[in-house]
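Okay, structure first, notes after.
The values are calculated or read from the model by the stated rules, or taken from the named source; none is laboratory data. On a predicted model such as this, the values are computed, not experimentally measured, just so you know. No Cβ is skipped: glycine too gets one built from the backbone with ideal geometry, and neighbour counts run over all protein chains shown.
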Amino acid sequence: MSTMISFGMVVLILAGMPRLALCVEVKPVCPSLTGVTGFKSDEVLTGVVEFTDNGSSKPVSGAQITVSCIQNGKVVARVETDADGRYAVTGMQFGMRYTCSLDPRIPGYPEGETSCITRALFDWQISKGVEPVVTACSPASWPHKCHGHEVRSYHTFDPDSADVEISGWVGYDGTPPFKRAPGATMQVCSASNKLLGHARTDAQGYYELHIPKDLLRNSGRYICVLHPSAADTSTGYSEGVANCHANNWFLTRGQTPRASDAPGCDLVGPCPEGAILPVAVHPLTAECLP
């Protein structure tokens, strides 16, 4: 049996080798949104793919994981899962956010796509006819075992969908790793204050909205509005309005929230110097209307 590993235009054929977790030294470098250099390419992106039909849990071998730059879609790595359903890509950049997609390569099992970062585990669960589910974990002290609030499961995004995914995190300002803020409401509103969609943060402070592309296109400029939970509002945390490029929001008592367009490293910390792109947040002046 032979195993094929491909990165861009480079293809390696390992003749006579059993199918193993593919963990090879590569340099999948992506451009920085902030123009900052120095993102060290010495991290590992890893996880497992499993069947979950009928409540079972069996490894999926031969599934393909594709890693691409979230900024320009450039494919930087493709790997296959081994006999135990495991995969690994080395040479990844800490402080950089990627797009990871799964092709189970099995008829009837849909593909899925999600944002991914290093120093995290991304395990995929697949069932026939259902979009894959990812269980993601970003340990505060990588690579220690994930537990409790550090684990989150969610359905992946269909890469062929007619929707736009708007997602991110809400936490309390302080020192990384930040405490997450559950129960906050994120609204997406048009320039005329028409409500286009909304979602509430889960126990891990994560929110995710899927809004039809046509609806956003016809709405012109759109914004994101953060409403802290009722409990947080009662203790002095305020609403904020920002461009939807903001995907990490931080609550500070008595102040307008701050936000960033960041790769997620600022939630587990620390990020490479200059990796975080601050996003201006303004006080709420008008409510979004249905």
Consider VAL89 carefully, then state whether it is crowded, with 21+ Cβ neighbours inside 10 Å, of a type in the set (A, V, I, L, M) and under 13 Å from TRP124 (Cβ atoms).
no
Given the criteria surrounded by fewer than 21 Cβ atoms within 10 Å (Cβ to Cβ) and at pLDDT below 90, does CYS69 qualify?
yes
Scanning segment 204-220 for residues that are part of a loop (DSSP other than H, G, I, E, B) and surrounded by 11 or more Cβ atoms within 10 Å (Cβ to Cβ) gives GLN204, GLY205, SER219
Expected single match for touching a Leu at 6+ places or on another chain (Cβ under 6 Å), modelled with pLDDT of 90 or more and not assigned by TED's automatic domain parsing to the domain that holds GLU208 among ASP103, ASP82 is ASP82
Failed condition for ASP123, given (1) farther than 14 Å from ILE70 by Cβ; (2) in contact with a Cys (Cβ under 9 Å, 6 or more places away or on another chain); (3) surrounded by 21 or more Cβ atoms within 10 Å (Cβ to Cβ):
(3)
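Please pick out the residue among ALA246, ALA275 that is in contact with a helix residue (DSSP H, G or I) (Cβ under 9 Å, 6 or more places away or on another chain), at pLDDT below 85, hydrophobic (A, V, I, L, M, F, W, C) and in a loop (DSSP other than H, G, I, E, B).
That would be ALA275, the only listed residue that is in contact with a helix residue (DSSP H, G or I) (Cβ under 9 Å, 6 or more places away or on another chain), at pLDDT below 85, hydrophobic (A, V, I, L, M, F, W, C) and in a loop (DSSP other than H, G, I, E, B).
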Condition first: in contact with a Ser or Thr (Cβ under 7 Å, 6 or more places away or on another chain) and surrounded by fewer than 20 Cβ atoms within 10 Å (Cβ to Cβ). Can you find one or more residues in segment 225-237 that meet it?
no
Would you mind finding the one in PRO263, PRO257 that is modelled with pLDDT under 75 and assigned by TED's automatic domain parsing to the domain that holds LEU226?
PRO263
When the residues of segment 96-116 are narrowed to those that are touching a Lys or Arg at 6+ places or on another chain (Cβ under 9 Å) and under 19 Å from LEU277 (Cβ atoms), which ends up surrounded by the most Cβ atoms within 10 Å (Cβ to Cβ)?
CYS116
Return only the number of the condition from (1) at pLDDT below 90; (2) touching a strand residue (DSSP E or B) at 6+ places or on another chain (Cβ under 9 Å); (3) closer than 30 Å to GLN93 by Cα; (4) of a type in the set (A, V, I, L, M) that ALA191 does not satisfy.
(3)
Report whether or not GLY197 is touching a helix residue (DSSP H, G or I) at 6+ places or on another chain (Cβ under 9 Å), closer than 28 Å to ARG253 by Cα and outside any loop (DSSP other than H, G, I, E, B).
yes
